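One structure is given below, encoded as structure tokens.
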Amino acid sequence: MHTLPGFPDIEHQDELESAADMSMIRMALPAHAGRDAKRVAVVNSKGGTGKSTIAMNLAAYYASRNVPTTVYDFDPQESAAAWVTERSADATLVSAVTAARKPDAGTTRTWQLRAPENTRRIILDTPAGLGGNSLLEVVRCVDSLIVPVAPSPIDSRATARFVQELLLVGKAREHRVRIAVVANRHRRDSSVCPALARFLLALHIPIVTVLSDSNLYLQAAERGVGLHELPFADTQVELRRWRPLLRWLEAGFVRKSVPCAADRECLATARPARHA
Ligand SMILES: Nc1ncnc2c1ncn2[C@@H]1O[C@H](COP(=O)(O)OP(=O)(O)O)[C@@H](O)[C@H]1O
Ligand SMILES: [Mg+2]
């Protein structure tokens with residue numbers, strides 16, 4: 001079989017589930033992860049909206065705050081898991097679970113989905129096409145959902161439909177799961193589609209921040225880091241755009257349960273700096 005150095009063996013594709021297999025995740029997380037680890041999933045059934053990019057940069061943010069984090073990669077493409085493997089400095093801070101693979105022979109699915117005991121933040125990176133029961137499973141096992149949307153009419157329409165599915169099929173409101181939309185890949189001349197903005201406003205779903213279309217994300221991904229780990233002089237403008245998202249996430253986590261010292265630290269550091 002022909003293989004490319006540094007890329008997974010084609011034969012290994014047999015181990016990957018063809019559809020997102022979210023079964024057991026809801027049981028596995030409370031059983032194996034730090035019981036009060038806070039959980040967020042990055043979701044949109046549309047591909048290429050920035051789910052993996054946001055998942056990786058969130059994990060990097062928590063690593064930069066010394067908060068042990070596990071990324072569950074449910075996408076057979078395994079971009080987020082590969083990014084974690086690239087990281088060297090903080091192997092103990094960011095772990096990856098390659099959740100799209102079938103468990104090895106003799107391993108149960110719940111065992112495969114375990115996270116290190118010290119995990120405090122769990123980030124689910126999900127594949128395109130997420131819907132139906134898989135979507136319901138995800139909604140039921142997280143505290144918050146981030147929905148990235150790219151600034152094209154096609155993406156906006158697909159995202160409106162997906163948000164509808166989150167509410168109707170995923171029953172996000174019944175499960176008291178918070179939802180925020182992140183407008184991703186914005187250039188100076190692009191804006192959030194007005195129809196999508198009105199739709200979200202009517203549903204009380206915030207567009208919590210607007211992230212730029214920036215090479216910084218590509219450079220960071222290549223190096224196995226996130227924006228919060230690149231030199232501040234290069235990233236400070238874009239990092240300001242991350243603060244509302246981090247604040248929204250951490251404030252929700254704190255409200256949902258009795259916060260521990262690490263949670264309070266995360267919330268404090270996600271607040272705007274005085275000089276901003
Ligand atoms: N804010 C951004 N600026 C520049 N490129 C981005 C940004 N967000 C995502 N990308 C790029 O867009 C492509 C799709 O992003 P990705 O995170 O893989 O989307 P998804 O996981 O939703 O399929 C990738 O090449 C990624 O590097
Ligand atoms: Mg992805």
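Where a number appears in this text, it was derived from the coordinates with a stated rule and is not lab data. Everything quoted here is computed from the prediction, not taken from an experiment. We place every Cβ from the backbone using ideal geometry, glycine too, and count neighbours over all the protein chains shown.
Below, the figures for the structure above:
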| quantity | calculated |
| --- | --- |
| Förster radius 25 Å - calculated FRET efficiency between residue 88 and residue 118, Cβ distance, rounded to 0.05 | 0.85 |
| The range 42-155, relative contact order in percent, only Cα pairs under 8 angstrom and at least six apart counted | 41 |
| Charge dipole (debye, nearest 20) of the range 105-169; +1 at Cβ of Lys and Arg, -1 at Cβ of Asp and Glu | 80 |
| Karplus 3J(HN,Hα) series, Hz, for the range 225-237 with 6.51 cos²θ - 1.76 cosθ + 1.60 (x for Gly, Pro) | 10, x, 4, 5, 10, 8, x, 4, 4, 7, 10, 4, 5 |
| Residues whose placed amide H lies under 5 Å from that of residue 186, excluding near-sequence neighbours | 211, 212, 213 |
| Dipole magnitude of the range 134-201 about its Cα centre (Cβ charges: Lys, Arg +1; Asp, Glu -1), debye to nearest 20 | 160 |
| Sequence of 38, 171 once ranked by neighbouring C-beta atoms within 10 Å, starting from the fewest | 171, 38 |
| Estimated inter-spin distance, residue 238 and residue 199, nm [label 7 Å along Cα→Cβ] | 2.8 |
| Neighbour net charge for residue 172 - beta-carbon separation under 13 angstrom, K R +1, D E -1 | +1 |
| Sorted by Cβ density within 10 Å, fewest first, the residues 232, 199, 74, 253 | 232, 199, 253, 74 |
